[in-house]
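This report refers to the structure that appears directly beneath it.
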Amino acid sequence: MSAAAESAPRVALLTLGCARNDVDSEELAARLSADGWQVGTDGTAADVVLVNTCGFVASAKQESIDTLLAAADSGARVVATGCLAERYGRELADSLPEADAGLGFDHYPDISARLRAVLAGERIEAHTPHDRRTLLPLSPVARAGARVVVPGHLSADEHTPAHLRPVLRRRLDSGPVASLKLASGCDRRCAFCAIPTFRGAFVSRTPDEVLAEAEWLGRQGVRELVLVSENSTSYGKDLGDPRLLEKLLPQLAAVDGIVRVRVSYLQPAETRPGLVEAIATTPGVAAYFDLSFQHASEPVLRRMRRFGSTERFLDLLASVRALAPDAGARCNVIVGFPGETRADVAELVRFLEAARLDAVGVFAYSDEDGTEAATLPGKVRADTIRRRYQRLGALVEELCAQRAAERVGSVVEVLVDSVDSVGSVDGGPEGRAAHQAPEVDGSTTLTVDATGALKPGDLVRARVVDSLGVDLVAVPEVAP
């Protein structure tokens, strides 16, 4: 290492929350690296620890605060950024003096200067939070030319065509899977969700930008792309083409080095037949449907300002399986929403028992600052929410295990994540089939004797021979 590199300030990026935050952190890493910082993820040997926080629900907020407090114990300067810092601004700064600064999204373009100021002991005034939806025109198609800081949409050189300009991203790990941001923000007004107020209105990235970054990721050794946003089914509506995702998927699947493209964050009410067909039948695209059902009782869904019912959701799943019988499907559900009755819970149970989902995230409702739901009458008692959460959690664990068991005997394509057998079901290399998204949907262990023949990123055709909960065990059809 050169003397200049040794003297360069060191910053550790700690990322919490969703995959969208992962992408934002890698944008920040690129900006900091370009300005001479040594960038890593080890907070124990840094001059500045930059915590990209999550501000979604109470438990995520607490994890962010705990991480900031732990970072302060290291002796480094500590800076909060991300959703919690954007959402609370001055309030966070006043309540958490252990953090040297709190930076919002508007600070991202000059993040290096801000961190250098913190390192020099300068005080940075916390920003005043505001509803970021008001920064963009109400009409989606009028947003393209707006000059608003949107993390993950910033360009190092906006005047050069996307395929020729440098990608504003630096990977913070070397795994074979990477998230790729389609869009940011959301135009929906779900009663329980505050995300649009601090992430802003919906803004798509242009197809050329998405493709250029996909090609860059392919050259970095990425094999699977996970397309992320707050609502992927809205992609393209602000660019004048609500069917743009259907057209983009085959192009992404054709990128050199990429063997699988996965779409996440689908809104059921916007999941069109053409999009279902594109995801279910396009070669190289995982037949995987991450559907945000949230509940199945019509009265609860209406109070949530959402649409659907048990029958509509089951019909949507049936349309998926008519095209791809082995397609994966997951969802999240909320229990204890204001006004939820025992009959509503029974309807949710009826849906879950009929849906044959591969994974279900169960969340206990809690009031969120600034949401309509926080003001609704009919609050469900905390002990009742807890019982319903425990009951539904046990139910979906059983149902998802049954769905995994149904896959025994089927043939799956497994993308190898690791050849380290620690923690795998049967001691072999571990990866994921098409119905298993990273970190949230279980994994598949390959039973092979010579694990040295496989490496991360390999795509292996294998027959499922066993299941354990949502995890599978499979035997490669052709020895590696």
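The values are calculated or read from the model by the stated rules, or taken from the named source; none is laboratory data. Bear in mind the structure is a predicted one, so any value in this text is a computation, not a measurement. Cβ: placed from backbone, ideal geometry, glycine included. Neighbour counts: every protein chain shown. Please note that ligands, DNA and RNA were not included when accessible areas were found on the heavy atoms of the full protein model with its side chains. Shrake-Rupley method; radii C 1.70, N 1.55, O 1.52, S 1.80 Å.
The string of couplings for region 213-227 from the Karplus curve (6.51, -1.76, 1.60, θ = phi - 60°) is 5, 4, 5, 4, 5, x, 5, 7, x, 6, 10, 10, 9, 10, 7 Hz, one whole number per residue in order, with x for Gly and Pro. Rolling a 1.4 Å probe across the protein heavy atoms gives the chain an accessible surface of 42 Å² per residue.
Rounded to a whole number, what % of the accessible area of region 231-319 do carbon and sulfur atoms account for, probe 1.4 Å?
52 percent
Based only on Cα atoms, what mean projected area does the convex hull of region 1-146 have, in nm²? Write down the numbers at each step before the final one.
Values: hull surface 38.4 nm².
Its average projected convex-hull area is 9.6 nm².
Its relative contact order, with pairs defined as Cα atoms under 8 Å and 6+ residues apart, puts the chain at 9 percent.
When each of the peptides 51-62, 267-278 is scored by the mean number of other C-beta atoms lying within 10 Å of its residues, the order from highest to lowest reads 51-62, 267-278. Amide H to amide H distances under 5 Å link D471 with S443, where only residues 5 or more positions off or on other chains count and H is placed in the peptide plane.
Which order do peptides 279-285, 347-353 fall in by mean Cβ count within 10 Å, highest first? Don't skip to the end; give the middle numbers.
Numbers: 279-285: 16.6, 347-353: 18.9.
Per-residue mean Cβ counts within 10 Å order the peptides as 347-353, 279-285.
Within the chain, DSSP assigns beta bridges of which about 30% are antiparallel (rounded to the nearest 5). Structural descriptor for region 50-113: relative contact order 33 percent, calculated from alpha carbon pairs under 8 angstrom and at least 6 residues apart.
Excluding same-chain neighbours fewer than eight residues apart, the aspartates and glutamates reachable from K237 by a Cα-Cα span under 14 Å are D187, E246, E270. In summary, the lysines within cross-link reach of K379, defined as a Cα separation below 24 angstrom excluding same-chain residues under 8 places away, comprise K61.
Order these peptides, 394-406, 71-83, by their mean beta-carbon neighbour count within 10 angstrom, highest first.
Ranking the peptides 394-406, 71-83 by packing returns 71-83, 394-406.
Given the C-alpha atoms of the chain, compute the convex hull and give its volume per residue in Å³.
Details: hull volume 74.0 nm³, N = 480.
For the chain, the hull spanned by Cα atoms encloses 154 Å³ per residue.
Positive-end ranking of P377, L301, L316 along the dipole of region 300-414, with charges on Cβ about the Cα centre, is headed by P377. In order along region 11-26, the phi-based Karplus estimate (6.51 cos²θ - 1.76 cosθ + 1.60, θ = phi - 60°) of 3J(HN,Hα) comes to 10, 10, 9, 10, 10, 10, x, 8, 5, 5, 5, 4, 5, 4, 4, 6 Hz; Gly and Pro are listed as x. For the chain, the cysteines with no partner cysteine C-beta closer than 4.7 Å are C18, C54, C83, C186, C331, C400.
Here the accessible area is traced with a 1.4 Å probe on the protein chains. For region 21-132, carbon and sulfur cover 48 percent of it. Probe radius 1.4 Å, ligands and nucleic acids ignored: give me the carbon and sulfur share of the accessible area of region 344-420 as a rounded percent. For region 344-420, the apolar C and S fraction of the accessible surface comes to 51 percent.
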